[in-house]
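Working notes, structure below.
The values are calculated or read from the model by the stated rules, or taken from the named source; none is laboratory data. This one's a predicted model, so the numbers in the text were calculated from it and none came from an experiment. Cβ coordinates were reconstructed from backbone atoms using ideal geometry, including for glycine residues, and neighbour counts include every protein chain displayed.
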There are 2 protein chains.
Amino acid sequence: MNSRNMNLIHIIRRFNRFYTNILGLLDKHIYESEFSLAEVRVLYDIEHMEVCTAKKLIEELKIDPGYLSRIIKRFENDSLIYRVQSPEDGRLYYLFLTDKGKNTLSKLNDLSNDQIYNLISRLPERDKMSVVESMKTVENAFSGKPIKIKEKITIRSELRPGDVGYLIHLHGRFYAEECKYNYMFEGYVCKTIFDMFNNYNVEKDRFWFAEANGEIIGSIAIIGHSATRAQLRWFILHPSFRGIGLGNTLLNEAVKYCQEKGYEQVFLETTDDQKIAIKMYMNVGFKKVAEHENKEWGRKLIEQTYELSLPLGNMVSN
Amino acid sequence: MNSRNMNLIHIIRRFNRFYTNILGLLDKHIYESEFSLAEVRVLYDIEHMEVCTAKKLIEELKIDPGYLSRIIKRFENDSLIYRVQSPEDGRLYYLFLTDKGKNTLSKLNDLSNDQIYNLISRLPERDKMSVVESMKTVENAFSGKPIKIKEKITIRSELRPGDVGYLIHLHGRFYAEECKYNYMFEGYVCKTIFDMFNNYNVEKDRFWFAEANGEIIGSIAIIGHSATRAQLRWFILHPSFRGIGLGNTLLNEAVKYCQEKGYEQVFLETTDDQKIAIKMYMNVGFKKVAEHENKEWGRKLIEQTYELSLPLGNMVSN
DNA sequence: AAAAATAGTTGACAAAGTCAAATAAATTAG
DNA sequence: CTAATTTATTTGACTTTGTCAACTATTTTT
């Protein structure tokens, strides 16, 4: 352990002492409630785990099984939670919050939020940003992975100022990082967006943005070209949020919209190296109808056009 | 409490849960020692306070007087500490570590250091630095010390993929928020970027990006139109980072570059509502040379052209 | 000199957490 | 198919940790 490391260690230890106090301060309201810290964490985890059993809580919270057992018993007596014995495995009991339990937790959450609000509200806006970014940095570094939690992702289809810029940013950044496209690609995306705006109409065109923590992490759009023909465009996902079904969710939203709007033909343009996206397109029924070479973006690529025919009257059948 | 704040609160709460676990992990070695966490903190504080009494420890550690009294008694029995009654005030007892106590604490410290070393040793050097910087940021913010924000901002003039997208994002977002421009403005910025890329040349064109926490929070660019004439474009600052001289820094960089490149005339286009920016432009010597009306972006605006003449041979005089 | 305040101590207690043994259901080995 | 083993949870007995109020000793205030 060299002296540089010792320096880091000292700073980290000081931070730990400091943050222990902050956490203590924030948890004080819990001491004033009828619940212990462990109990609140149990309530919280029951709410946030999809399937919750005592076993899982023991692992997650590193709590003593006997201790937990009694907490659960007390919660059940107070009808904050109820238990359902698993039909497949009689040893397991699934835990659920009752309405009363949800209510109680929600009040505790509100208190907790207030405490944190008090802590940060007096900070100038840019310091808030710095603090939050710093926390993300620490968390990412120590957990070894970018944070991704699917439940925190929201999808909205309203187009807001700044959205298309961010969309271009994502395209420029990740096509360069992953496919080695050059800067001309980002310029090309700018042009497609500009052209779109010249004909933009909320009645025929639609964007969807997936957001996590208030930041756009994915997008897709449908642009109408005629009453029956539309184009699917700008389908992209931040790499940290792939593989969790989010791409399919966006794609399905887009196709559903086409059906509802009565578009009979949807086409899209992509390049042959977008293997995963192409698989997803084909899964929902897109077929390749044309291809040609493109060298504009620093690599030799095959640009491909895919088309999806939507059966007329599909809406009626639903 | 608005939704932006709620987002911050969620991130902070997640960080708190996460860091509670980290702290728990780090404290585990203490559980394996013969001391409780409170006891270790008492030992630590006796060592680190110049003059230590029970009273001070009670205030510092927010520990129960009775509880502390017993801890001190035990420590004295184990001859980890010794007490000296104050000659001025017989109610006070000054607390000191014995050699044995110092030794014990030092071993505990070593354990603690090792734990932290394990935590950070597997991180790449860059991450270690950013973790430590982030911790300092959080600590400063919460302890009321203002964050020296300008120290955390870096300016780079290299154009990277994703940059112009983010630049468009900033324009779309903040011109809408602050000047009520409509979405067409963002489309217009896309077009200006696209046009620029069609003639982009690193020898004549240059971008500067101000970054805080790895995120772009400001930009400016110089685009050459001929050997002697250039345009200043895309000057924008995230509102949270205004008023700290950053705008002038960027503007000066841009003008300096023009001088170095031998541009004799620099012009820029803006709108009459950009009062603060215009003042900055005029401060460095820009003069209004033309104006005309523009209604494209949802408001009646006066578009203005400013021009700066750079004296020939200015470089020589330096 | 009496009353009030302060620093620390003590006893009685409650809350939080631990450990090992017990129970009940599932899985595996023979 | 039964016995042995494993797994999820529970229970009893216990320790540790932390709290509260009453107490002593000393100093400060009135």
Search the range A:87-113 for residues that are assigned by TED's automatic domain parsing to the domain that holds A:Leu26 and pair each with any residue that is hydrophobic (A, V, I, L, M, F, W, C) and surrounded by fewer than 16 Cβ atoms within 10 Å (Cβ to Cβ) when their beta-carbon atoms are under 8 Å apart and the residues are at least 6 apart or on different chains.
-> A:Tyr93/A:Val84; A:Tyr94/A:Val51; A:Tyr94/A:Val84; A:Phe96/A:Val84; A:Asn113/B:Met1; A:Asn113/B:Met6
A:Lys128 vs (1) more than 13 Å from DNA strand D (Cβ to nearest atom); (2) part of a loop (DSSP other than H, G, I, E, B): all pass except (2)
Could you tell me which residue of the range A:212-232 is nearest to A:Val132 (Cα to Cα), considering only residues that are within 14 Å of chain B (Cβ to nearest Cβ) and either in contact (Cβ under 8 Å) with a residue 60 or more places away in the chain or over 20 Å from the mean Cα position of the chain (by Cα) (or both)?
-> A:Asn213
Do the conditions hold for A:Arg91, that is, is it away from every other protein chain (no Cβ under 14 Å), assigned to a helix (DSSP H, G or I) and either within 16 Å of DNA strand C (Cβ to nearest atom) or within 30 Å of B:Glu60 (Cα to Cα) (or both)?
-> no
Which of the residues spanning the range B:70-88 are within 47 Å of the chain's Cα centre (by Cα), more than 12 Å from DNA strand D (Cβ to nearest atom) and assigned to a helix (DSSP H, G or I)?
-> B:Ile72, B:Lys73, B:Phe75, B:Glu76
Is it the case that the range A:61-77 has a residue that's surrounded by fewer than 13 Cβ atoms within 10 Å (Cβ to Cβ) and within 14 Å of another protein chain (Cβ to nearest Cβ)?
-> yes
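Does B:Ser86 satisfy being within 8 Å of chain A (Cβ to nearest Cβ) and polar (S, T, N, Q)?
Working: within 8 Å of chain A (Cβ to nearest Cβ): no; polar (S, T, N, Q): yes.
Taking the combined requirement at face value, the residue does not satisfy it.
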Within the range B:33-53, considering residues that are more than 14 Å from chain A (Cβ to nearest Cβ) and in contact with a strand residue (DSSP E or B) (Cβ under 7 Å, 6 or more places away or on another chain), the one nearest to DNA strand D (Cβ to nearest atom) = B:Thr53
Over the range A:233-265, the set of residues more than 22 Å from A:Glu293 (Cα to Cα) and over 17 Å from the mean Cα position of the chain (by Cα) is A:Ala254, A:Val255, A:Lys256, A:Tyr257, A:Cys258, A:Gln259, A:Glu260, A:Lys261, A:Gly262, A:Tyr263, A:Glu264, A:Gln265
Test each condition in (1) within 14 Å of chain B (Cβ to nearest Cβ); (2) assigned to a strand (DSSP E or B) for A:Ile116 and report the one that comes out false.
-> (2)
Please indicate, with yes or no, whether at least one residue in the range B:202-211 is away from chain A (no Cβ under 12 Å), within 28 Å of the chain's Cα centre (by Cα) and among the charged types (D, E, K, R).
-> yes
For A:Asn140, all conditions in the list (1) outside any helix (DSSP H, G or I); (2) more than 16 Å from DNA strand D (Cβ to nearest atom); (3) more than 8 Å from every other protein chain (Cβ to nearest Cβ) hold save one; what is the number of the exception?
-> (1)
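In the range A:1-23, what residues are in a helix (DSSP H, G or I) and either more than 7 Å from chain B (Cβ to nearest Cβ) or touching a His at 6+ places or on another chain (Cβ under 9 Å) (or both)? It would help to see each step written out before you state the result.
If we filter the range A:1-23 for residues that are in a helix (DSSP H, G or I), which is where we start, we get A:3-23.
Matches in the range A:1-23: A:Ser3, A:Arg4, A:Met6, A:Asn7, A:His10, A:Arg14, A:Arg17, A:Asn21.
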Which one of the conditions (1) without any contact (Cβ under 8 Å) to a residue 60 or more places away in the chain; (2) touching a strand residue (DSSP E or B) at 6+ places or on another chain (Cβ under 9 Å); (3) surrounded by fewer than 16 Cβ atoms within 10 Å (Cβ to Cβ) does A:Glu260 fail to meet, given that it meets all the rest?
-> (2)
Close pairs from the range B:51-79: first in contact (Cβ under 8 Å) with a residue 40 or more places away in the chain, partner part of a helix (DSSP H, G or I) and more than 13 Å from DNA strand D (Cβ to nearest atom), Cβ under 8 Å, at least 6 apart | B:Cys52/B:Asp45; B:Cys52/B:Ile46
Which of the residues spanning the range B:143-159 are surrounded by 11 or more Cβ atoms within 10 Å (Cβ to Cβ) and within 8 Å of chain A (Cβ to nearest Cβ)?
-> B:Ile147, B:Ile149, B:Lys152, B:Leu159
The condition from (1) at pLDDT 90 or above; (2) away from DNA strand C (no atom under 16 Å from the Cβ) that B:Leu57 misses is numbered (2)
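Name the residue, out of B:Arg17, B:Arg13, B:Arg41, that is in contact with a Phe, Trp or Tyr (Cβ under 9 Å, 6 or more places away or on another chain) and of a type in the set (Lys, Arg).
Working: B:Arg13 fails: in contact with a Phe, Trp or Tyr (Cβ under 9 Å, 6 or more places away or on another chain); B:Arg41 fails: in contact with a Phe, Trp or Tyr (Cβ under 9 Å, 6 or more places away or on another chain).
Answer to the check: B:Arg17.
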Condition check for B:Gly165: crowded, with 19+ Cβ neighbours inside 10 Å, touching a Pro at 6+ places or on another chain (Cβ under 9 Å) and at pLDDT 95 or above | no
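Taking the range B:89-118, which residues are more than 22 Å from A:Asn2 (Cα to Cα) and away from DNA strand D (no atom under 16 Å from the Cβ)? Break it down stepwise before answering.
Here is the first cut: in the range B:89-118, the residues more than 22 Å from A:Asn2 (Cα to Cα) are B:89-102, B:104.
Passing the criteria: B:Leu95, B:Phe96, B:Leu97, B:Thr98, B:Asp99, B:Lys100, B:Gly101, B:Lys102.
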Residue check: is A:Ile30 within 10 Å of DNA strand C (Cβ to nearest atom), over 30 Å from B:Thr137 (Cβ atoms) and within 14 Å of chain B (Cβ to nearest Cβ)?
-> no
